[in-house]
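Structure record follows, encoded as structure tokens.
Quick note: the coordinates plus some simple rules give every number you see, no bench work behind them. Worth saying up front: this structure is predicted, and the values here are computed from it rather than measured. Neighbour counts run over all protein chains shown; Cβ positions are idealised from the backbone, glycine included.
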Amino acid sequence: MSKPPRVVVDTNVLIAAAIKPTGICRELLDTAVELQWQPVLSPQLLSELETVMRRAKFRSKLSEEAIQDFIAGLVGISEVVADPPSTATHTLDPDDDYLVALALAARVDVLVSGDRHLTDLAGAGVLVQTPRDFLARVSEA
């Protein structure tokens, strides 16, 4: 049996999984729980996730307890690695550069994102797939 793919998941995908229990992003995260792929996180990604989840626009959808439970559950199924030493410019959005740097430093198989700055990325040395495309990939395996 081959090892499951190691994957960096963009914060926007994780937020969607947290707030929409019947959506494609939640379905994708459920496949990680089933050990079909291995999430790879870093302190910076976890910090961004927690910060975004606590924004006012998510307060009606995510209680403090739900945020803590989601993050604890995610960490429990993930490999947590050190933040990459540098974030060279890889994308048109500098806020996304650390995801590419993390994916490269951790030598993951895929970076999953719905962000066009990442999905349209070419030549950065990392495969970027949308949640739907990656879900199709792991569902076929």
>> Above 19 Å lies some portion of the pair distances; for the chain, what is it as a whole percent of all C-alpha pairs?
In response: 48 percent
> Taking the Cα-to-Cβ direction at Ser63 and at Asp120 and moving 7 Å from each Cα, how far apart do the two end points lie in nm?
Replying inline: 4.1 nm
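Can you tell me the relative contact order of the stretch 16-141? Whole percent, Cα pairs under 8 Å, sequence separation 6 or more. Don't skip to the answer; put the middle values down first.
Details: 132 pairs, mean separation 29.6, N = 126.
Rounded, it is 23 percent for the stretch 16-141.
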